[in-house]
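*Asks:* I am attaching a structure below and will ask some questions about it afterwards.
The values are calculated or read from the model by the stated rules, or taken from the named source; none is laboratory data. The model shown is predicted, which means the values in this text are computed figures rather than measured ones. Don't worry about glycine lacking a Cβ; one is built from the backbone with ideal geometry, like all the others, and counts go over all protein chains shown.
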Amino acid sequence: MSAIAAPFALMAELTHRCPLQCPYCSNPLELLKAGAERDTAFWMAVIDEAAAMGVLQIHFSGGEPTLRGDLAALIAHATAKGLYANLITSAVLLDEARLRMLEAAGLAHVQISFQGAAAAKADRIGNFRGGHEKKISVARLVTALGMSLTVNAVVHRQNLAELPAMIDLAVALEADRLEVAHVQYHGWGLRNRAALMPTREQFAAADAIVAERRAALGARLAIDYVVPDYYAQAPKTCMGGWGQKTLNIAPDGRVLPCHAAETIPGLVFERAGETALAEIWYRGAAFNAFRGTAWMQEPCSSCALKAVDFGGCRCQALALAGDASATDPVCHLSPLHEEILEMAEGESRAGVEEFVYRRV
Amino acid sequence: MAVDAASVPALRRGIRRRFDETRQAHVLLGPERVIVLDEIAVAIVELVDGRRAIAEISGVLAAKFQSDQAMVEADVVGFVQALVDKGLAVS
């Protein structure tokens, strides 16, 4: 294998606790309780190690990271170490005083999730009354304080009709970046797939809307588009490749190649603080399990794109094909592709509307 | 938005630049964006301040590197356009 490059980003999942209960939450079904969380000293040491090994960006995430009282201290420490600090938040617990504190600590960028464009429907999806209006007021504070703002619009069958209005919302909030992210079917998203899967027609319409608004808005707003890959031809380059760019630390300190990796049986995840982060990244068994291309089966191993998309998502291969080493079944070259497509279309028309809300 | 010689580029809010010891290079950091800068790119970014037009930036760089201004200008336009397209700069 060629030399392993240093990671660019660390996803620090400080907690699984969250006031929202979005049915597509990417957290695992078995949520960790507060007692399993690691203390400030643990995360401070993680930041030191990450900076020393070349990590440039830290994403404070969860769950809802603002539930942690030590968030400002962690941001200040990361910033002092030269890391670009991102906050990935629902925003519903933030107010001006707290946000000023985080900004003063060095926070560079705030990503706020939106569940829709209209309050009533959006609040139903997050199961949190008043959430939507609160997010809008916090988003305005973020830009007023001079930080970068990303609007994260999570879309699925039950809110795709609002996509144009969600893009308008991002423009009105003067966001620097809009992430239109189709639900990824892991964790709670997989559990609620039938209630969330868009129809083929919605997928085509969303594609066209994003292309049209990108052209119209130009540099005013950068739009990143995460496609619903059950309907895609080629799989996504999950995480930029397994063990290529990012490492993820769960609330209990386990270091994972991606947040869903713990669904894959047989992988053992070492803990930061017990094993050096660099040791885990370069030599850890879990990080090397699907790194590069040597682990691949056909049709991946002879594919011209194998070093481009790395065979897609390992967790999705496990969930849909029952084998984490298989070609991601959303790929048109997978023997399961047609079956998956039929299943997705079938679920999108089955009329399931009720959500199983995320709960500890 | 097409960048040209008259454009006056500026980095967007929240974009930071630093030297990275691990990669021995300057990097530009923004939301979900990391750009590793080479020597020329660093020289350009240092002049992107929201006041100088591309033509002026190119003039300074052409003098500094003793090269043809038209060729430098083409490079600067291309690089700034890439920054704009990635959401790291406005012009």
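*Asks:* What number of residues in region A:135-146 are buried (at least 19 other Cβ atoms within 10 Å of the Cβ) and out of contact with any Leu (no Cβ under 6 Å at 6 or more places or on another chain)?
*Replies:* Qualifying residue count, region A:135-146: 1.
Yes or no, residue by residue, for (1) farther than 22 Å from residue B:26 by Cα; (2) modelled with pLDDT under 95:
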{"residue": "B:45", "(1), (2)": "no, no"}
{"residue": "B:48", "(1), (2)": "no, no"}
{"residue": "B:54", "(1), (2)": "no, no"}
{"residue": "B:69", "(1), (2)": "yes, yes"}
{"residue": "B:73", "(1), (2)": "no, no"}
{"residue": "B:82", "(1), (2)": "no, yes"}
{"residue": "B:85", "(1), (2)": "no, yes"}
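*Asks:* Still on this structure, I have one more. Would region A:84-97 turn up any residue that is crowded, with 24+ Cβ neighbours inside 10 Å, under 23 Å from residue B:26 (Cα atoms) and either more than 18 Å from the chain's Cα centre (by Cα) or at pLDDT below 95 (or both)?
*Replies:* Checking region A:84-97: not a single residue is crowded, with 24+ Cβ neighbours inside 10 Å, under 23 Å from residue B:26 (Cα atoms) and either more than 18 Å from the chain's Cα centre (by Cα) or at pLDDT below 95 (or both).
*Asks:* Something else about it: Six or more apart or on different chains, Cβ atoms under 7 Å: show the pairs whose first residue is in region A:201-212 and surrounded by 12 or more Cβ atoms within 10 Å (Cβ to Cβ) and whose second is of a type in the set (D, E, K, R).
*Replies:* Taking only residues 6 or more apart or on different chains, the pairs are A:202/A:157.
*Asks:* Here's another thing I want to ask about it. May I ask you to list the residues in region A:103-126 that are within 13 Å of another protein chain (Cβ to nearest Cβ) and not β-branched (Val, Ile, Thr)?
*Replies:* If the condition is that a residue be within 13 Å of another protein chain (Cβ to nearest Cβ) and not β-branched (Val, Ile, Thr), then A:103, A:106, A:107, A:108, A:109, A:111 are the ones that fit.
*Asks:* So which of A:163, A:149 ends up being surrounded by fewer than 23 Cβ atoms within 10 Å (Cβ to Cβ), among the hydrophobic types (A, V, I, L, M, F, W, C) and at pLDDT 95 or above?
*Replies:* On inspection, the qualifying residue turns out to be A:163.
*Asks:* For region A:25-48, what are the residues that are part of a helix (DSSP H, G or I) and crowded, with 20+ Cβ neighbours inside 10 Å?
*Replies:* A:43, A:46, A:47, listed by residue number.
*Asks:* Sticking with this one: Just one of A:356, A:308, A:352, A:360 is in contact with a Leu (Cβ under 8 Å, 6 or more places away or on another chain) and touching a residue at least 60 places away in the same chain (Cβ under 8 Å); which is it?
*Replies:* A:360
*Asks:* Considering every residue within region B:3-16, establish whether at least one is under 25 Å from residue A:52 (Cβ atoms), within 14 Å of chain A (Cβ to nearest Cβ) and not in a strand (DSSP E or B).
*Replies:* Taking every residue of region B:3-16 in turn, at least one turns out to be under 25 Å from residue A:52 (Cβ atoms), within 14 Å of chain A (Cβ to nearest Cβ) and not in a strand (DSSP E or B).
*Asks:* Another question, then. Would you check if there is a residue in region A:61-72 being in contact with a helix residue (DSSP H, G or I) (Cβ under 8 Å, 6 or more places away or on another chain) and in a loop (DSSP other than H, G, I, E, B)?
*Replies:* Yes, that holds for at least one residue.
*Asks:* With the condition kept exactly as written, say whether any residue in region A:186-201 is at positive phi, under 20 Å from the mean Cα position of the chain (by Cα) and either at pLDDT 90 or above or part of a helix (DSSP H, G or I) (or both).
*Replies:* Among the residues of region A:186-201, at least one is at positive phi, under 20 Å from the mean Cα position of the chain (by Cα) and either at pLDDT 90 or above or part of a helix (DSSP H, G or I) (or both), which makes the answer yes.
*Asks:* If you don't mind, there's one more thing I want to ask. Which of the residues that make up region A:218-236 are of a type outside the set (Lys, Arg) and within 14 Å of another protein chain (Cβ to nearest Cβ)?
*Replies:* Selection gives A:218, A:219, A:221, A:222, A:223, A:224, A:225, A:226.
*Asks:* So residue A:152 clears everything in (1) in a loop (DSSP other than H, G, I, E, B); (2) within 30 Å of residue A:258 (Cα to Cα); (3) within 14 Å of another protein chain (Cβ to nearest Cβ) except one condition, right? Which one?
*Replies:* (1)
*Asks:* Any residue at all in region A:259-266 that's more than 21 Å from residue A:52 (Cα to Cα), of a type outside the set (A, V, I, L, M, F, W, C) and part of a helix (DSSP H, G or I)?
*Replies:* yes
*Asks:* Look at residue B:38 and say whether it is within 24 Å of residue A:9 (Cβ to Cβ) and either touching a Cys at 6+ places or on another chain (Cβ under 8 Å) or surrounded by fewer than 15 Cβ atoms within 10 Å (Cβ to Cβ) (or both).
*Replies:* Answer is yes for this residue.
*Asks:* Out of A:357, A:282, report the one residue that is among the hydroxyl-bearing types (Ser, Thr, Tyr) and under 30 Å from residue A:123 (Cβ atoms).
*Replies:* A:357
*Asks:* I would also like to ask the following. Which one is nearest to the other protein chains (Cβ to nearest Cβ) among residues in region A:1-24 that are in a loop (DSSP other than H, G, I, E, B) and closer than 18 Å to residue A:68 by Cβ?
*Replies:* Among residues in region A:1-24 that are in a loop (DSSP other than H, G, I, E, B) and closer than 18 Å to residue A:68 by Cβ, the one nearest to the other protein chains (Cβ to nearest Cβ) is A:14.
*Asks:* Here are A:261, A:294: which of them is in contact with a strand residue (DSSP E or B) (Cβ under 8 Å, 6 or more places away or on another chain) and modelled with pLDDT under 95?
*Replies:* A:261
*Asks:* Select from region A:251-279 the residues that are under 22 Å from the mean Cα position of the chain (by Cα) and small (Gly, Ala, Ser) and list them in ascending order.
*Replies:* If the condition is that a residue be under 22 Å from the mean Cα position of the chain (by Cα) and small (Gly, Ala, Ser), then A:253, A:260, A:261, A:272 are the ones that fit.
*Asks:* Going by what's in this entry, would residue A:76 be described as crowded, with 21+ Cβ neighbours inside 10 Å and assigned to a helix (DSSP H, G or I)?
*Replies:* It is false that residue A:76 is crowded, with 21+ Cβ neighbours inside 10 Å and assigned to a helix (DSSP H, G or I).
*Asks:* Still on this structure, please answer the following. Of the residues A:331, A:300, A:315, only one is closer than 17 Å to residue A:266 by Cβ and touching a residue at least 12 places away in the same chain (Cβ under 8 Å); which?
*Replies:* Testing whether each residue is closer than 17 Å to residue A:266 by Cβ and touching a residue at least 12 places away in the same chain (Cβ under 8 Å) leaves just A:315.
*Asks:* Mind listing whichever residues of region A:234-255 are buried (at least 23 other Cβ atoms within 10 Å of the Cβ) and assigned to a strand (DSSP E or B)?
*Replies:* Correct list: A:247, A:249, A:255.
*Asks:* Considering only region A:47-84, how many residues are away from chain B (no Cβ under 14 Å), aliphatic (A, V, I, L, M), touching a Pro at 6+ places or on another chain (Cβ under 8 Å) and touching a residue at least 60 places away in the same chain (Cβ under 8 Å)?
*Replies:* The total comes to 0.
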